[in-house]
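Q: Handing you this structure, nothing more for now.
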Amino acid sequence: MKRILFLFLFWLATSPLQAQQSANKPEREQWYMDLGFGMFIHWSLDSQVGAVISHSMAGASPDYLKRFTTELPATFNPKQFDPDEWATLARLAGMKYVVFTAKHHSGFCMWPTQTTPFNISNTPCKRDLTRDILDAFRRQNIAIGLYFSPEDFNYLYQNNLPIGRLQHPMHYPEKNPGLMAHDKAQLRELLTNYGKIDLLFFDGPAEGLKQYAWQLQPDLVVTRGQMETPEQTIPDKPLPGPWESCFTMGTDWQYKPTNDPHKSGTDIINMLIETRAKGGNLLLNVGPKPNGTIQIEQEALLREVALWHLVNQESVHQVRPWEIIREGNVWFVKARQGNTVYAFCQGGTDWSYGTRKEFVLKTLEGNAQTKVSILGYGSQLVEYREGFDAQLYSTPSPIGLVISAVNGHRLYTNNKWPNPVVLKIENVRFKAPEATKQKRSKIDGAN
């Protein structure tokens with residue numbers, strides 16, 4: 001009888017009828033939320049002509065599709081590719097994870113897959129670019145993520161199906177057994193041959209595939225396909241649980257050699273601050289050139305972000321939304337543990353180098369143990385100014401926490417550093433605005 005019971009329990013444990021993992025593990029989601037900032041990499045063979053990645057295949061003529069799938073692989077050969085340079089730049093900028101486009105919608109695989117000849121091994125390059133990139137980022141202790149498109153335009157083309165996005169039943173793997181099997185075979189390669197993968201970004205229908213991915217790597221965090229991942233926008237208010245805003249630095253995801261104005265470094269830093277204040281992660285994209293280098297405009301922006309991060313890194317990682325996201329143009333986050341708040345104050349012309357500014361933070365209640373400092377600056381002197389009072393003063397008051405501070409950290413030769421200054425405020429509590437108190441009082445009175 002005991003043997004029968006043992007066999008029954010063993011069958012339950014190994015049976016395919018066992019409930020599949022249907023969500024990210026909660027502790028892994030908390031780990032992901034701590035990361036805060038990641039690098040998105042859109043790179044494929046059509047970067048050679050500066051086209052929108054993959055989408056030029058949608059609705060295209062048969063002759064164009066033939067040229068796309070035969071001529072572009074014949075010339076893709078990034079001879080200046082150095083993934084260690086990419087990874088080092090990402091680490092300097094404060095990016096704690098990477099998401100690389102292993103397969104975009106075109107179906108071209110940036111690894112030597114056995115599932116289709118439309119892959120990197122059938123180009124002059126022949127390197128396993130996916131492995132090279134993942135290894136380089138691991139060397140910088142950056143978490144590893146892959147972008148994977150369940151929609152596969154080359155598969156549709158080879159099977160004489162209309163090419164588009166979610167416009168035909170056969171575009172959905174759940175309704176197309178052949179496409180589902182094709183995707184699963186590719187996921188098995190990526191999730192068994194490339195070590196631990198931390199994150200997976202499904203850009204398309206993920207049902208059936210994310211569950212399969214969790215079978216292969218249960219600690220995997222599925223981002224798109226499991227959580228909100230808005231593109232080119234930040235939600236108006238904090239969202240519950242983990243989420244991620246995905247942004248380009250220019251106007252396109254892949255390398256665009258012309259007609260591509262870029263954001264400023266200050267724009268990007270402010271996007272990061274707003275995203276973190278609202279509880280999300282920022283996934284910032286680079287589009288490498290076809291020769292394997294990151295274009296100078298994007299490298300320059302990342303180095304500006306890197307300088308800001310060198311000063312202010314503790315305000316970006318392992319933080320959560322404060323009770324309110326901002327007062328006026330001062331944004332807040334709180335440390336995940338303890339009672340420390342970080343206040344992001346606009347710099348540049350709003351608070352220029354070497355000048356004193358006063359703040360009254362009405363929603364912060366200080367006490368005798370409250371300590372205020374400026375990240376990266378000692379508040380003792382301003383270079384070349386003898387006898388200048390650079391001390392920081394803070395006082396709890398009935399109207400909030402009063403702070404007087406000097407912006408004295410010299411980061412540019414011309415003293416025109418335009419980016420936010422961060423106040424670290426320790427041992428502080430939330431002080432509800434008067435309007436909120438009155439509203440609560442009315443509600444309590446009505447009850």
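Q: Among residues belonging to the range 356-391 that are among the acidic types (Asp, Glu) and assigned to a loop (DSSP other than H, G, I, E, B), point out the one that is farthest from Glu327 (Cα to Cα). Show your work before the answer.
A: Within the range 356-391, the subset among the acidic types (Asp, Glu) is 358, 365, 383, 386, 389.
If we keep only those that are assigned to a loop (DSSP other than H, G, I, E, B) too, we end up with 383, 386, 389.
On the way: Glu383: 31, Glu386: 35, Asp389: 27 Å.
Across the range 356-391, the extreme among qualifying residues is Glu386.
Q: May I pose another question? Under the condition of being acidic (Asp, Glu) and closer than 18 Å to Asp34 by Cα, which residue from the range 243-289 is nearest to the chain's Cα centre (by Cα)?
A: Let us first name the residues in the range 243-289 that are acidic (Asp, Glu), namely 244, 252, 260, 267, 274.
Pick out the ones that are also closer than 18 Å to Asp34 by Cα and you get 244, 274.
Working: Glu244: 6, Glu274: 13 Å.
That would be Glu244.
Q: State which residue pairs qualify: first residue in a strand (DSSP E or B) and inside the range 242-258, second residue modelled with pLDDT of 95 or more and of a type in the set (Gly, Ala, Ser) in any location, beta carbons under 8 Å apart, and separation of 6 or more residues or different chains.
A: Partner pairs satisfying both residue conditions: Trp243/Gly279; Trp243/Gly280; Glu244/Gly38; Glu244/Gly280; Ser245/Gly280.
Q: Restricting to the range 73-108, count the residues that are touching a Cys at 6+ places or on another chain (Cβ under 7 Å) and aromatic (Phe, Trp, Tyr).
A: Qualifying residue count for the region: 1.
One line per residue, one yes/no per condition, for (1) assigned to a loop (DSSP other than H, G, I, E, B); (2) in contact (Cβ under 8 Å) with a residue 12 or more places away in the chain; (3) surrounded by fewer than 17 Cβ atoms within 10 Å (Cβ to Cβ):
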position	(1), (2), (3)
Ile268	no, yes, no
Leu272	no, yes, no
Leu284	no, yes, no
Pro290	yes, yes, no
Leu301	no, yes, no
Glu323	yes, yes, yes
Val333	no, yes, no
Ala343	no, yes, no
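Q: In addition: Right, Lys237: assigned by TED's automatic domain parsing to the domain that holds Phe118, modelled with pLDDT under 95 and not acidic (Asp, Glu) or not?
A: Taking the combined requirement at face value, the residue satisfies it.
Conditions tested, residue by residue: (1) touching a Pro at 6+ places or on another chain (Cβ under 6 Å); (2) under 21 Å from Gly59 (Cα atoms); (3) not in a loop (DSSP other than H, G, I, E, B).
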site: Leu146; (1), (2), (3): no, no, yes
site: Met180; (1), (2), (3): yes, no, yes
site: Gln186; (1), (2), (3): no, no, yes
site: Gly195; (1), (2), (3): no, no, no
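Q: Identify, by number, the condition in (1) modelled with pLDDT under 95; (2) within 30 Å of the chain's Cα centre (by Cα) that His409 doesn't meet.
A: Of the numbered conditions (1) modelled with pLDDT under 95; (2) within 30 Å of the chain's Cα centre (by Cα), the odd one out for His409 is (1).
Q: Let me ask you something else. What residue, among those in the range 219-234 that are out of contact with any helix residue (DSSP H, G or I) (no Cβ under 9 Å at 6 or more places or on another chain) and part of a loop (DSSP other than H, G, I, E, B), is farthest from Met180 (Cα to Cα)?
A: Thr233
Q: Go through the range 303-321 residue by residue and tally those that are surrounded by fewer than 18 Cβ atoms within 10 Å (Cβ to Cβ), touching a Gly at 6+ places or on another chain (Cβ under 7 Å) and outside any helix (DSSP H, G or I).
A: The qualifying residues number 3.
Q: Now a separate question. How many residues does the range 14-54 contain that are in a helix (DSSP H, G or I) and touching a helix residue (DSSP H, G or I) at 6+ places or on another chain (Cβ under 9 Å)?
A: Of the residues in that region, 4 qualify.
Q: Moving on. Hey, can you tell me all the residues within the range 103-133 that are touching a Phe, Trp or Tyr at 6+ places or on another chain (Cβ under 6 Å) and not in a loop (DSSP other than H, G, I, E, B)?
A: Selection gives Lys103, Thr130, Ile133.
Q: OK, next. Looking at Ala90, Ala74, Ala136, can you tell me which residue is crowded, with 22+ Cβ neighbours inside 10 Å, in contact (Cβ under 8 Å) with a residue 24 or more places away in the chain and not in a loop (DSSP other than H, G, I, E, B)?
A: Details: Ala74 fails: crowded, with 22+ Cβ neighbours inside 10 Å; Ala136 fails: crowded, with 22+ Cβ neighbours inside 10 Å.
Going through Ala90, Ala74, Ala136 in turn, the sole match is Ala90.
Q: Any residue that is buried (at least 19 other Cβ atoms within 10 Å of the Cβ), in contact (Cβ under 8 Å) with a residue 40 or more places away in the chain, in contact with a helix residue (DSSP H, G or I) (Cβ under 8 Å, 6 or more places away or on another chain) and part of a strand (DSSP E or B) - is there at least one of those in the range 200-211?
A: yes
Q: Ok, one more. Given the conditions (1) in contact with a Lys or Arg (Cβ under 6 Å, 6 or more places away or on another chain); (2) at pLDDT below 95, report the number of the one that Gln140 does not fulfil.
A: (2)
Q: Kindly establish whether Tyr353 is farther than 19 Å from Pro396 by Cβ, not acidic (Asp, Glu) and not in a helix (DSSP H, G or I).
A: On the way: farther than 19 Å from Pro396 by Cβ: yes; not acidic (Asp, Glu): yes; not in a helix (DSSP H, G or I): yes.
Taking the combined requirement at face value, the residue satisfies it.
Q: Is there any pair with a first residue in the range 391-408 that is within 22 Å of Ser352 (Cα to Cα) and a second that is among the acidic types (Asp, Glu) and surrounded by fewer than 16 Cβ atoms within 10 Å (Cβ to Cβ) whose Cβ atoms are under 6 Å apart and which are 6 or more apart or on different chains, and what are they?
A: Ser404/Glu358
Q: Kindly indicate whether any position in the range 201-215 is modelled with pLDDT of 95 or more, closer than 29 Å to Phe247 by Cβ and of a type in the set (Ser, Thr, Tyr).
A: There is no residue in the range 201-215 that is modelled with pLDDT of 95 or more, closer than 29 Å to Phe247 by Cβ and of a type in the set (Ser, Thr, Tyr).
Q: Does Asp219 satisfy the condition of being more than 17 Å from the chain's Cα centre (by Cα) and either surrounded by fewer than 16 Cβ atoms within 10 Å (Cβ to Cβ) or within 23 Å of Asp34 (Cβ to Cβ) (or both)?
A: Judged against the criteria, Asp219 is a match.
Q: Same structure again: In the set Pro238, Pro230, which member is touching a Ser or Thr at 6+ places or on another chain (Cβ under 9 Å) and surrounded by fewer than 21 Cβ atoms within 10 Å (Cβ to Cβ)?
A: Answer to the selection: Pro230.
Q: Applying the selection to the range 155-178, what residues are of a type in the set (A, V, I, L, M, F, W, C), outside any helix (DSSP H, G or I) and without any contact (Cβ under 8 Å) to a residue 40 or more places away in the chain? Explain how you work it out, then say what you get.
A: In the first step, residues of the range 155-178 are kept if they are of a type in the set (A, V, I, L, M, F, W, C); the result is 156, 161, 163, 166, 170.
In the following step, the residues that additionally are outside any helix (DSSP H, G or I) were identified as 161, 163, 166.
Within the range 155-178, Leu161, Leu166 meet the criteria.
Q: Among (1) over 30 Å from Trp308 (Cα atoms); (2) buried (at least 22 other Cβ atoms within 10 Å of the Cβ), there is one condition Thr101 misses while meeting the rest; what is its number?
A: Exception for Thr101: condition (1).
The values are calculated or read from the model by the stated rules, or taken from the named source; none is laboratory data. The shown structure was predicted, so the numbers you read here are calculated from the model rather than taken from an experiment. Virtual Cβ from ideal backbone geometry, glycine too; neighbours counted across all protein chains shown.
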